[in-house]
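Contents: one structure, followed by commentary.
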Amino acid sequence: MKLRTLAQAALLALTGLAGLAAAVPAAAQEKVQFFPSLTGRTGPVAPNATQFANGYADYMKLVNARGGINGVKTLVEECETAYATDRGVECYERLKGKHGGATVFQPLSTGITFALTEKVPVDKIPMITSGYGRSDSADGGVFKWNFPLIGHYWVAGDTLLQHIAKQEGGWDKLKGKKIAVVYHDSPFGKELLPIMQERSKMYGFELQMLPVPAPGVEQKAIWLQVRQQRPDFVVMQTWGVMTPTAIKEAIATGYPREKMFGTWWSGAEPDLRDIGAAAKGYSAVMMQHGAEPGSAVAKELLDKVHAKGQGTGPKEEVGQVIYMRGVVGAMLAVEGVRAAQERFGKNKVMTGEQARWGYENLNLTQPKLDALGFKGVMRPVSTSCVDHMGSAWARVHTWDGAKFTWASDWLQADDQIIRPLVKASADKYAAEKKLTRRDGADCQS
Amino acid sequence: MFYRENGQFKTSYRDDQRVFPILQDRFAIGLLLAFALIGVPLFADEYLFRAILIPFLILSLAALGLNVLVGYCGQISLGTGAFMAVGAYAAYNFLVRIEGMPLLGAILLGGACSTVVGVLFGIPSLRIKGLYLAVATLAAQFFVDWAFLRISWFTNNSSSGSVSVSNLNLFGIAIDSPFEKYLLCLTLVVVFAMLVKNLVRSHIGREWMAIRDMDVAAAVIGIRPVYAKLSAFAVSSFIVGVAGALWGFVHLGSWEPAAFSIDRSFQLLFMIIIGGLGSIMGSFFGAAFIVILPIVLNQLLPALGNVVGVTISTAVIAHTELMVFGALIVFFLIVEPHGLARLWSTLKEKLRLWPFPH
């Protein structure tokens with residue numbers, strides 16, 4: 001009897017499914033540029049990644065309100081990864097062929113980036129990993145499809161150390177000092193370490209490595225170590241729920257927030273809002289943008305998207321750090337397509353392969369950025385066949401108890417140090433994979 | 001009427017000992033294999049291969065391995081993720097460090113390394129039983145996680161701790177299309193499923209089951225618990241290790257220890273509990289349930305929303321997926337505590353009596 005009920009239920013579900021499948025592809029085929037969005041709206045990074053996804057979606061809506069990319073409308077479809085690599089791979093497979101083919105992926109997870117790095121060359125889809133993923137992928141000679149635009153972990157780490165050194169009065173003052181690195185025990189956290197080690201060798205400061213197991217909510221032991229060893233500075237490579245946990249533990253152990261510095265992913269409003277005044281003095285390095293509620297693009301987003309009731313998230317988050325990162329990510333994705341259109345034909349939908357050319361030949365000058373509403377938010381970005389990063393500018397901002405304020409002027413990562421590191425790592429990757437560097441002819445294609 | 005062995009007389013021992021003694025079973029398995037080999041490639045697209053079928057096959061293999069240990073020998077293990085990790089990292093090291101290492105060789109050697117680690121962590125099973133053993137195998141999980149995160153030799157000194165493998169090739173044939181990958185996984189799964197099926201019918205399998213049902217009684221009738229338990233650990237972790245290597249090489253391409261975390265161990269344990277302990281078919285049912293169902297739910301909900309005319313946000317979909325999935329687990333465990341495989345055998349029983357089932 002039971003079996004029969006089950007069979008009936010299954011049959012019913014199946015007919016339902018078939019009906020649904022028939023109803024879905026009713027949407028009209030329109031000429032659209034498809035931007036897949038891998039989101040982390042649930043899981044350990046949800047407070048931050050949600051803002052990123054909202055910013056990304058909102059900017060794409062704004063592009064459409066402005067008339068599209070030379071007339072081509074943008075389309076975003078989301079797929080939830082919950083920051084898990086296997087779900088991310090599934091999402092990638094699901095979205096890559098939809099709506100005429102994906103233009104560019106931005107996985108927002110270093111783990112997923114590593115997995116997709118092996119897949120995108122086969123599918124010929126570029127991948128933008130602003131400020132995360134593989135740092136060595138800045139070397140376009142080896143990583144043809146990866147674009148860590150506007151910076152990566154090593155840029156963040158280097159500029160942050162520059163800021164600390166400047167505060168202390170010069171690099172030589174760091175000699176003999178102790179810097180603790182609290183990092184997420186995964187490729188995301190470990191990617192920061194080479195630059196820290198390089199700089200520590202150069203200037204003779206001591207590094208204390210403090211790995212925190214994922215997802216990073218268990219940090220008591222780490223901060224007891226910090227209390228015991230009293231490092232002069234703490235650098236935090238944290239993301240999601242891990243950041244507020246770290247700051248709360250620091251408060252509990254009485255470590256001064258003025259001595260704590262976060263990297264690019266570790267200093268945003270959702271991390272500090274609930275802690276409020278107690279987190280005053282905490283700083284984080286920001287590549288290019290920070291919190292920009294006063295920027296022209298934020299105002300335009302409020303006017304043209306949120307005021308029309310089309311905002312993806314709450315209005316209050318427009319202009320916040322991670323929201324802006326989503327906006328900047330979307331802007332870079334769109335501008336690459338625009339650059340590609342210059343070559344392959346305006347008013348046309350670009351394939352992933354064509355868009356890749358656009359990302360490789362991106363030239364966002366200051367007037368162009370200003371016109372897009374990014375005045376004061378960003379500095380020029382220009383990429384080439386060998387340089388897939390485009391700029392290495394950063395600033396440091398500090399939490400004043402309620403909001404972020406700039407604590408430093410523009411800093412630029414030292415190319416003399418980063419370039420050899422990137423090249424060595426990329427060469428190692430190429431040797432492992434038996435790849436040859438791209439030659440001049442390949443750069444033209 | 002259709003599924004009845006009446007009239008199928010066995011006239012030799014050979015006939016009597018066949019894997020599938022009933023003609024209809026042989027026929028059904030043959031059809032299933034033909035479907036997997038010829039039917040599926042005809043309609044499956046890249047997404048189905050890469051995102052659903054390949055992970056399903058690999059995790060079925062891992063579940064099959066775990067079922068040997070938990071389902072047949074009764075030793076509960078929470079170290080499956082660890083044994084998968086050992087298989088994956090060992091295979092990676094064999095492939096990278098030894099020039100000209102064939103892919104299949106690396107994968108099987110990965111399994112062999114996993115066997116060694118499995119037997120090592122299986123030794124406590126001689127003294128501790130049941131849930132206490134599960135806790136002891138947790139040690140394997142944490143130790144292996146630690147080793148692959150901290151000892152950089154295992155990851156070929158990669159600065160990020162993530163390793164990657166690409167350009168797979170088997171006997172000179174490049175394995176890069178989804179279909180080829182699927183075929184590789186399918187072949188290994190079929191081979192191992194046959195192997196396990198034969199093992200559990202043999203004297204070794206009967207020893208395992210005797211130990212599972214009552215170890216004191218088993219020892220009294222002359223079964224050596226050391227031998228039976230450790231052989232179960234060995235066979236199980238070998239298969240799990242091979243599955244781990246496939247998961248890294250074929251499915252992910254690039255992985256970190258988090259791919260084989262404690263969550264993976266739990267996931268596999270749930271697979272065999274829901275699928276059916278001590279059943280080969282159950283491993284496949286369980287893997288299908290845990291791998292495919294969430295993805296189907298995830299895609300079904302927006303479609304459902306479209307029909308009604310509501311756009312459901314990504315976060316709501318993700319949450320609903322978890323809730324529905326959880327509810328379905330509870331539902332199936334209540335309706336059939338012995339797992340989906342029992343439903344399968346009940347069905348066969350009914351078919352045997354059809355058209356007069358009672």
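Summary of computed values
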{"item": "Residue match in segment A:178-189 (condition: assigned to a helix (DSSP H, G or I), touching a Pro at 6+ places or on another chain (Cβ under 7 Å) and either of a type outside the set (Val, Ile, Thr) or more than 27 Å from A:ARG419 (Cβ to Cβ) (or both))", "result": "yes"}
{"item": "Any hit, segment B:143-163, residues being closer than 18 Å to B:ALA243 by Cβ, more than 13 Å from every other protein chain (Cβ to nearest Cβ) and crowded, with 17+ Cβ neighbours inside 10 Å", "result": "yes"}
{"item": "Among (1) touching a Gly at 6+ places or on another chain (Cβ under 6 Å); (2) within 13 Å of chain B (Cβ to nearest Cβ); (3) surrounded by fewer than 23 Cβ atoms within 10 Å (Cβ to Cβ), the one test that A:TYR83 misses", "result": "(3)"}
{"item": "Failed item in (1) closer than 17 Å to A:ALA65 by Cα; (2) assigned to a loop (DSSP other than H, G, I, E, B), with A:GLU292 passing the rest", "result": "(1)"}
{"item": "Only one of B:ALA318, B:ALA341 that is within 12 Å of another protein chain (Cβ to nearest Cβ), surrounded by 14 or more Cβ atoms within 10 Å (Cβ to Cβ), assigned to a helix (DSSP H, G or I) and modelled with pLDDT of 85 or more", "result": "B:ALA318"}
{"item": "Residue within segment B:249-258 that is facing chain A (nearest Cβ under 9 Å), surrounded by fewer than 18 Cβ atoms within 10 Å (Cβ to Cβ), within 30 Å of A:PRO121 (Cβ to Cβ) and in contact (Cβ under 8 Å) with a residue 60 or more places away in the chain present", "result": "no"}
{"item": "All positions within segment A:89-111 that are facing chain B (nearest Cβ under 10 Å), touching a residue at least 12 places away in the same chain (Cβ under 8 Å) and assigned to a helix (DSSP H, G or I)", "result": "A:VAL89, A:CYS91, A:TYR92, A:ARG94, A:LEU95, A:LYS98, A:THR110, A:GLY111"}
{"item": "Filter result (touching a helix residue (DSSP H, G or I) at 6+ places or on another chain (Cβ under 9 Å) and either without any contact (Cβ under 8 Å) to a residue 12 or more places away in the chain or of a type in the set (Asp, Glu) (or both)) within segment A:112-157", "result": "A:GLU118, A:ASP123, A:ASP136, A:ASP139"}
{"item": "So B:ALA232, is it crowded, with 20+ Cβ neighbours inside 10 Å, farther than 20 Å from B:TYR92 by Cβ, touching an Asp or Glu at 6+ places or on another chain (Cβ under 8 Å) and touching a residue at least 24 places away in the same chain (Cβ under 8 Å)", "result": "no"}
{"item": "Qualifying residue in segment A:200-214 (condition: of a type in the set (Val, Ile, Thr) and part of a loop (DSSP other than H, G, I, E, B))", "result": "no"}
{"item": "Test: B:VAL196 is at pLDDT 90 or above, surrounded by 20 or more Cβ atoms within 10 Å (Cβ to Cβ) and of a type in the set (Val, Ile, Thr)", "result": "yes"}
{"item": "Subset tally (residues that are more than 11 Å from chain B (Cβ to nearest Cβ), closer than 18 Å to A:GLU77 by Cβ and either at pLDDT 90 or above or in contact with a Lys or Arg (Cβ under 6 Å, 6 or more places away or on another chain) (or both)) for segment A:21-53", "result": "6"}
{"item": "Every pair of residues 6+ apart whose Cβ atoms lie under 6 Å, when the first sits in segment A:180-198 and is at the interface with another protein chain (Cβ under 9 Å from one of its Cβ atoms) and more than 16 Å from A:ARG134 (Cα to Cα) while the second is in a strand (DSSP E or B) and at pLDDT below 90", "result": "none"}
{"item": "Which listed residue is modelled with pLDDT of 90 or more, outside the structural domain of A:THR238 (by TED's automatic domain parsing), of a type in the set (Val, Ile, Thr) and under 19 Å from the mean Cα position of the chain (by Cα), from A:THR159, A:THR129", "result": "A:THR129"}
{"item": "Condition met for B:VAL226 (within 9 Å of chain A (Cβ to nearest Cβ) and surrounded by fewer than 23 Cβ atoms within 10 Å (Cβ to Cβ))", "result": "no"}
{"item": "Meets criteria (within 14 Å of chain B (Cβ to nearest Cβ) and buried (at least 23 other Cβ atoms within 10 Å of the Cβ)) for A:PRO213", "result": "no"}
{"item": "A:ASP387, sole failed condition from (1) at pLDDT below 90; (2) within 18 Å of A:GLY133 (Cα to Cα); (3) assigned by TED's automatic domain parsing to the domain that holds A:LYS304", "result": "(1)"}
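Residue by residue, here is whether (1) among the small types (Gly, Ala, Ser); (2) closer than 16 Å to B:SER283 by Cβ holds:
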| residue | (1), (2) |
| --- | --- |
| B:PHE35 | no, no |
| B:GLU46 | no, no |
| B:ARG50 | no, no |
| B:LEU53 | no, yes |
| B:LEU57 | no, yes |
| B:GLY65 | yes, yes |
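One line per residue, one yes/no per condition, for (1) assigned to a helix (DSSP H, G or I); (2) away from chain B (no Cβ under 14 Å); (3) out of contact with any strand residue (DSSP E or B) (no Cβ under 7 Å at 6 or more places or on another chain):
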{"site": "A:VAL142", "(1), (2), (3)": "no, no, yes"}
{"site": "A:THR159", "(1), (2), (3)": "yes, yes, no"}
{"site": "A:LYS166", "(1), (2), (3)": "yes, yes, yes"}
{"site": "A:GLU218", "(1), (2), (3)": "no, no, yes"}
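The values are calculated or read from the model by the stated rules, or taken from the named source; none is laboratory data. Note that the structure is predicted; figures quoted are calculated from it, not measured. Note that we place each Cβ from the backbone using ideal geometry, even for glycine, and neighbour counts take in every protein chain shown.
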